[in-house]
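Please treat every number below as a calculation from the coordinates, not as lab data. The shown structure was predicted, so the numbers you read here are calculated from the model rather than taken from an experiment. Positions of Cβ are generated from backbone atoms using ideal geometry, with glycine treated the same way; all protein chains shown enter the neighbour counts.
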Amino acid sequence: MNIVAPESLIFWTTIIFLLLLFLLRKFAWKPILGAVRSRETSINDALEAAEKAKLEMQNMHADNEKLLQEARAEREAMMKEARELKAKMIADAKEDAKLEADKMVAQAQAAIESEKKAAIAELKQQVASLSLEIAEKVVKHELSDSDKQMKLVNEMLGEAKLN
């Protein structure tokens, strides 16, 4: 059997294959390559977009971490300020209470001193009054007799010194 003879199946298959290859090259090869190239371009673009998105996600994650750290620092600062304010308020309240207590003690001491002075004055007045009453009674008793009166006057004159 002759392979190159027009009756052979290989001959016709080769001719049809070459004709098909020519037609595909003429009409289908450019659109197929264009579709493959556009698909490759879109895949590359998608990969670049994915890489950019990945970078943006990393940047956003870093920004979020930074914001979180700032928020934590701000919270700590606020807590510290609140603790300081609380301590100051407590210290002020203690100081005010101490001043008020000192003021009350001073007022109480002043009132006690005033009452003491009033009691001493009243006691002196009563003692003076009693002394006068006693002296009056003694003098009445002593001066009831004229001899005793003369004796008392002489004693007093003897005690008195003239300057």
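Remarks
- Evaluated with a Cβ-only charge set (Lys, Arg +1; Asp, Glu -1), the stretch 72-118 carries a dipole of roughly 160 debye about its Cα centre, given to the nearest 20.
- Farthest toward positive dipole pole in the chain [+1 Lys/Arg, -1 Asp/Glu at C-beta], among LEU23, GLN109, ALA135: LEU23
- The charge dipole of the chain, taken about the Cα centre with unit charges on the Cβ atoms of Lys, Arg (+1) and Asp, Glu (-1), comes to about 1160 debye, rounded to the nearest 20.
- Hull volume per residue, based on the alpha-carbon atoms of the chain and their convex hull, is 270 Å³.
- Within the chain, helix-based [θ] at 222 nm, where runs of 4 or more DSSP H residues each add -39,500 (n - 2.57), nearest 500: -33000 deg cm²/dmol
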